[in-house]
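The values are calculated or read from the model by the stated rules, or taken from the named source; none is laboratory data. Source: prediction; values computed, not measured. We place every Cβ from the backbone using ideal geometry, glycine too, and count neighbours over all the protein chains shown. Just so you know, the surface numbers come from the protein's heavy atoms only, side chains and all, with ligands and any DNA or RNA stripped out. Shrake-Rupley method; radii C 1.70, N 1.55, O 1.52, S 1.80 Å.
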Amino acid sequence: MRSLEIAVFMCRSDNYGVLVHEPESGKTVSIDAPDGEKVMAEAEQRGWTITDIFTTHHHKDHVDGNLVIKEKYDCRIVGPIEEAVVIPGLDLAVFEGDELEFAGHKVEVIETPGHTAGHICYHFVEDGLLFAADTLFAMGCGRLFERPASDMWPSLQKLMALPDETEVYFGHEYTLANAKFALTIDPDNAVLKERAEAVAELREAGGFTIPTTIGLEKKTNPFLRVADPAIRKGLGMEDASDAEVLAEIRKRKDNF
Ligand SMILES: [Fe+2]
């Protein structure tokens, strides 16, 4: 099995476009479709034909290009069953534990409600790749628009259970702001401080912070570190549940 090629590019103001290409079959999947023209231009420039779109959730900045891309490439659109009626052009509705195949690569569907009610992530199991869109960001997590922290916490735990080396592709370049916020919650975390400095330098130079890894997020992402005694002490929440701590950190981020 040949390895996959991944193209990452900016769409709209801060969305990441992501194309995954399998050279032998010539198949290419677009992870979401934030901007149809941008996604198609990127594919064309590389000589790739879009055969699939894997939709993570129904927000406009993730499905905006679905129909225009489908019209050009007649590609298959996969998306969450929970949001089936609001995903444009959906061909295949999937749910927790469904196993897809992309050019011979096994792709597992992980339901991660929180940001939206039906948000799903796509895990390329043997490749160690996770496409997490707006559930998990570098040092951040998605806003809780449609489900409470008590639903989001189990979603994040599912992602934390993946191997540490799993590469995580997320939906937005929010990393610098996330790092600044993370330092207010977890100020004595040496790994976080070092990462925040590296991110500031990288962004200054115009670099992308995608992908991250599950292992690095477990060490530096305050939304995954709700059980950490120092973080709980700082919040005055030593006896709260993990979901309560998550809710508090999310609330602070919303007002940051
Ligand atoms: Fe979203």
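Restricting the search to region 1-26, which residues are under 18 Å from the mean Cα position of the chain (by Cα) and of a type in the set (Lys, Arg)? Residue satisfying the conditions is ARG12 alone.
Condition first: open to solvent by less than 50 Å² (accessible area, probe 1.4 Å), under 21 Å from the mean Cα position of the chain (by Cα) and of a type in the set (A, V, I, L, M, F, W, C). Can you find one or more residues in region 228-236 that meet it? No; the residues of region 228-236 include none that is open to solvent by less than 50 Å² (accessible area, probe 1.4 Å), under 21 Å from the mean Cα position of the chain (by Cα) and of a type in the set (A, V, I, L, M, F, W, C). Does region 79-88 include one or more residues that are touching a residue at least 12 places away in the same chain (Cβ under 8 Å), more than 16 Å from the ligand (Cβ to nearest atom) and either of a type in the set (Phe, Trp, Tyr) or open to solvent by less than 10 Å² (accessible area, probe 1.4 Å) (or both)? No; the residues of region 79-88 include none that is touching a residue at least 12 places away in the same chain (Cβ under 8 Å), more than 16 Å from the ligand (Cβ to nearest atom) and either of a type in the set (Phe, Trp, Tyr) or open to solvent by less than 10 Å² (accessible area, probe 1.4 Å) (or both). Annotation: LEU156 fulfils all but one of (1) closer than 30 Å to LYS193 by Cβ; (2) part of a strand (DSSP E or B); the unmet one is (2).
Within region 27-45, the only residue that satisfies the criterion of being basic (Lys, Arg) and over 21 Å from the mean Cα position of the chain (by Cα) is LYS27. Has region 155-167 got at least one residue that is charged (D, E, K, R) and within 24 Å of ASP64 (Cβ to Cβ)? No, that holds for no residue. When LYS38, LYS60, LYS27 are checked against the criterion of being on the phi < 0 side of the Ramachandran plot and loosely packed, with under 14 Cβ neighbours inside 10 Å, a single residue qualifies: LYS60. Among the residues making up region 198-220, those that are farther than 10 Å from THR166 by Cβ and not in a helix (DSSP H, G or I) are ALA205, GLY206, GLY207, PHE208, THR209, ILE210. Does ILE53 qualify as being among the aliphatic types (A, V, I, L, M), modelled with pLDDT of 95 or more, away from the ligand (no atom under 16 Å from the Cβ) and in contact with a strand residue (DSSP E or B) (Cβ under 9 Å, 6 or more places away or on another chain)? Here the answer is no, as ILE53 does not meet what is asked.
Contact map, region 117-131: first residue within 15 Å of MET160 (Cα to Cα), second residue among the small types (Gly, Ala, Ser), Cβ cut-off under 7 Å, separation 6 or more or different chains; pairs are CYS121/ALA132; CYS121/ALA133.
Annotation: of all residues in region 119-145 being assigned to a loop (DSSP other than H, G, I, E, B) and surrounded by 24 or more Cβ atoms within 10 Å (Cβ to Cβ), the one that is nearest to the ligand (Cβ to nearest atom) is ASP134. Scanning region 89-114 for residues that are open to solvent by 10 Å² or more (accessible area, probe 1.4 Å), under 19 Å from TYR169 (Cβ atoms) and within 16 Å of the ligand (Cβ to nearest atom) returns a single hit, GLU111.
Which of the residues that make up region 161-180 are in contact with a helix residue (DSSP H, G or I) (Cβ under 6 Å, 6 or more places away or on another chain), in a helix (DSSP H, G or I) and surrounded by fewer than 20 Cβ atoms within 10 Å (Cβ to Cβ)? Scanning region 161-180 gives a single hit, LEU176.
Restricting attention to region 184-197, the residues that are assigned to a helix (DSSP H, G or I) and buried (at least 18 other Cβ atoms within 10 Å of the Cβ) total 4.
Restricting attention to region 129-152, the residues being farther than 22 Å from HIS58 by Cβ and out of contact with any strand residue (DSSP E or B) (no Cβ under 6 Å at 6 or more places or on another chain) number 1.
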